[in-house]
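After the structure tokens below, expect a handful of questions from me.
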Amino acid sequence: MNHLAIATNAAEGMSALVVDLADMSCFEVAARELTDTGCWIVSDKVDLLKEEVGLRIDGFDKLLHGAVIAYGDNEAQISFEVNKPASDDKRREVRRPVWITAIVCGKSNPVSMKCRIVDASRSGCRLEGEHLTRLPDNIDISIPGLDLPVAGRIVWHKNGQAGVQLSWPFATEPAPQPNELIRKLQEEKAEPKPKPVRKKKISAFGA
């Protein structure tokens, strides 16, 4: 990989969403000093992040997989050089209790319902709600704040709950390159904003 840095205004950055893979929380950040190996994100909530995150840069339809490697004042450094966990590591993941209202949709049929995520880890979560048995095995989960559905596979049902194996929508190689991001940002800034159209007033007696 080459190491192309984006020369954006450091104070402004680019609009992005970050999702904590440990507990599925999501919030808006500004991404700056973006390279193909990492970036800094700015928000007053960065101290809530655990370790592994997904970063959704505005304008791109996949998450960049990253890990928090340093913290500053209202900012965190993210590395995209993340080692994929071995299959046996999933059993050692910490399941964190959460309370997230989500919309779950079936991939193979139109079934859609609201339910709660009651615990989560990087590779899975547990759903709670009525009629979960109506869902097919393969589902999409929409969580608050993240405008990308997270694919999942139901692996068990019991007493109004379901265990789900998650497949996060990470970008595959090649990931979006920094020069693509800066070009898109520059294009958005260069686009003239349309002028508002004044509506013609019409009275009861005609124009």
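The values are calculated or read from the model by the stated rules, or taken from the named source; none is laboratory data. Because the structure is predicted, anything quoted here is derived from the model rather than measured. Ideal geometry is used to build each Cβ from the backbone, glycine not excepted, and the neighbour counts take in all protein chains shown. To get the accessible areas, we keep the full protein, side chains included, count just its heavy atoms, and leave off ligands, DNA and RNA. Shrake-Rupley method; radii C 1.70, N 1.55, O 1.52, S 1.80 Å.
Suppose the filter is in contact with a helix residue (DSSP H, G or I) (Cβ under 8 Å, 6 or more places away or on another chain) and of a type in the set (D, E, K, R); does Glu51 pass it?
Spelling it out, it is not the case that Glu51 is in contact with a helix residue (DSSP H, G or I) (Cβ under 8 Å, 6 or more places away or on another chain) and of a type in the set (D, E, K, R).
So, one more: Go through segment 146-178 and give me each residue that's at pLDDT 90 or above, part of a loop (DSSP other than H, G, I, E, B) and surrounded by 15 or more Cβ atoms within 10 Å (Cβ to Cβ).
If the condition is that a residue be at pLDDT 90 or above, part of a loop (DSSP other than H, G, I, E, B) and surrounded by 15 or more Cβ atoms within 10 Å (Cβ to Cβ), then Leu146, Leu148, Pro149, Trp168, Pro169 are the ones that fit.
So the check is Cβ under 8 Å with 6+ separation or different chains; which pairs have a first residue in segment 122-148 that's touching a residue at least 12 places away in the same chain (Cβ under 8 Å) and within 22 Å of Leu63 (Cα to Cα) and a second one that's of a type in the set (Ser, Thr, Tyr) and open to solvent by less than 60 Å² (accessible area, probe 1.4 Å)?
Partner pairs satisfying both residue conditions: Gly145/Ser25.
Could you pull out the residue among Ile103, Ile141 that is in a strand (DSSP E or B) and buried (at least 16 other Cβ atoms within 10 Å of the Cβ)?
On inspection, the qualifying residue turns out to be Ile141.
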